[in-house]
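Taking it in order: structure first as structure tokens, then the write-up.
Derivation of every value follows stated rules applied to the coordinates shown; laboratory data play no part. Note that this is a predicted model, so its numbers are computed, not measured. When we count neighbours, we look across all protein chains shown, and the Cβ atoms used for this are built from the backbone with ideal geometry, even at glycine.
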Amino acid sequence: VYGYREDAARKADQPPFKILSDQLLLALAQQAPRNPGQLRSVGLAGSQQQQHGRQLLEAIEHGRSAKPPELPAQPRTDPRVLARYDALHNWRKARAKTRGVESDVIVAREALWEIAVNNPAAEADLEAVVEMGPWRRAAYASELLGVVQRANAAPQ
């Protein structure tokens, strides 16, 4: 029904909600009417039913008989990346506790993930980590590189 509404809106040069409201679209999908009488009970007005009823019933029937869409397979994260991230995360928690601040004050989670993925070997490699900023790089670069190095050396 969503696809039908999008096509009908494009053909009519109107926004989709002017063809069928989101609320009506949801009701059609949930109740899946099989005939014009059931379309009316879902809330399809007379003019809407004349204009779209047959096509909506066809779309609903097509949806009933179609296979459910398959979700794309998510690539598995490299276990070495996860090990580096865990090590960096633990370092951040310990460093925050030592300083008496929240852990995100030390380094943002997004920056830790980027470091884990990129596996930097030198301070210059950390310049690509935008979320760190220059003062965090200056303050923590050597510690972060040490954590990464130890995580890489640990048996998997």
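For the chain, the relative contact order comes to 17 percent (Cα pairs under 8 Å, sequence separation of at least 6).
For the range 79-153, what does the alpha-carbon gyration tensor say about shape, rounded, prolate or oblate, given a ≥ b ≥ c as the root eigenvalues, a/c under 1.5 as rounded, and a/b over b/c as prolate?
Working: a/c = 1.60, a/b = 1.17, b/c = 1.37.
It comes out oblate by the Cα gyration axes.
If the chain linking Tyr2 and Ala153 were pulled fully straight, counting 0.36 nm for each residue of separation and taking away their Cα-Cα distance, it would gain 49.2 nm.
Counting other beta carbons within 10 Å of each residue's own, what order do Glu127, Glu70, Glu114 fall into, fewest first?
In order of increasing Cβ crowding within 10 Å: Glu70, Glu127, Glu114.
Suppose the chain between Ala9 and Val81 were pulled fully straight at 0.36 nm per residue; how much longer would it get relative to their current alpha carbon spacing?
21.4 nm
Assuming charge only on the beta carbon of Lys and Arg (+1) and of Asp and Glu (-1), the dipole of the chain about its Cα centre is about 440 debye to the nearest 20. Dividing the summed -39500 (n - 2.57) terms of all DSSP H runs of n ≥ 4 by the residue count of the chain sets its mean residue ellipticity at 222 nm at -21500 deg cm²/dmol.
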